[in-house]
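S.K.: Once you've had a glance at the structure underneath, I'll fire off some questions.
The values are calculated or read from the model by the stated rules, or taken from the named source; none is laboratory data. Here the structure is a predicted model, which is why all the values come from computation and not from measurement. Counting neighbours? That spans all protein chains shown, and the Cβs are built from the backbone with ideal geometry, glycine included.
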Amino acid sequence: MAGRIPPFTLDDFKLSPEKRAEICEGLTERQTFMVNQWMNLHDKLNVGDWSGFDEFMDKDKMTYDNPNRPDLGTFEEWNSSPRALFTTFPPSVYRTLKAWGRGDDEICVLCHHHGKHTGGPYMGVQPTGNQLDVLWFSWIKFDGDKIVHIYSISDVLSMLIDLEVIEAPQPVDPYK
């Protein structure tokens, strides 16, 4: 997967004010606030700070949808995922690459999650040391200043191949 993402370093996951402004270019002030809330959440996740979620989310209302993870519907269920990823794929860091907005309560973001499979088993596979680089989109809905819904879709197929959970013959031409 890393070959499809331009070269990066861990410093690229610490978004400078200039990079944040570039990501938010063209958004309204309100949409920029929401995208910055999302990026601030990533700052917390990137260092394993699990205490700051209520700054960003209405934990009582928050719901999560992802066709690859139907088990993560509530805040409490979703909250378990970044914690497990943090220990299974250190350094487990996140960054926003692009952002779009709709009105005063919705944003869409393209994000990148990076780590290495060194911290424990994943889907029955013992740590391989393989690099994890997943691109995903999230549609995020706010109520006031808090996140109340996240819908995410990610490149799980490439991730499972990269982590040696499944094999896929390469290259694949589906029309032959």
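S.K.: Are any residues in the stretch 47-65 over 19 Å from Val93 (Cα atoms), outside any helix (DSSP H, G or I) and not hydrophobic (A, V, I, L, M, F, W, C), and if so, which ones?
M.R.: Of everything in the stretch 47-65, those that are over 19 Å from Val93 (Cα atoms), outside any helix (DSSP H, G or I) and not hydrophobic (A, V, I, L, M, F, W, C) turn out to be Asp58, Lys59, Asp60, Lys61, Thr63, Tyr64, Asp65.
S.K.: Take the residues of the stretch 1-33 that are β-branched (Val, Ile, Thr) and assigned to a helix (DSSP H, G or I): which is nearest to Gln170 (Cα to Cα)?
M.R.: Looking only at the stretch 1-33, we keep the residues that are β-branched (Val, Ile, Thr), and these are 5, 9, 23, 28, 32.
The next check asks that each one be assigned to a helix (DSSP H, G or I); those that pass are 23, 32.
Values: Ile23: 34, Thr32: 41 Å.
The selected residue is Ile23.
Every residue, every condition in (1) in a strand (DSSP E or B); (2) more than 13 Å from the chain's Cα centre (by Cα); (3) modelled with pLDDT of 95 or more, yes or no:
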site	(1), (2), (3)
Pro67	no, yes, no
Pro70	no, yes, no
Arg95	yes, no, yes
Asp104	no, yes, yes
Cys108	yes, no, yes
His113	yes, no, yes
Gly120	no, yes, yes
Leu132	yes, no, no
Trp139	yes, no, yes
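S.K.: So Gly115 clears everything in (1) in contact (Cβ under 8 Å) with a residue 60 or more places away in the chain; (2) touching a helix residue (DSSP H, G or I) at 6+ places or on another chain (Cβ under 8 Å); (3) over 24 Å from Phe142 (Cβ atoms); (4) not charged (D, E, K, R) except one condition, right? Which one?
M.R.: (1)
S.K.: Would you mention how many residues in the stretch 141-160 are buried (at least 20 other Cβ atoms within 10 Å of the Cβ) and at pLDDT below 95?
M.R.: 1
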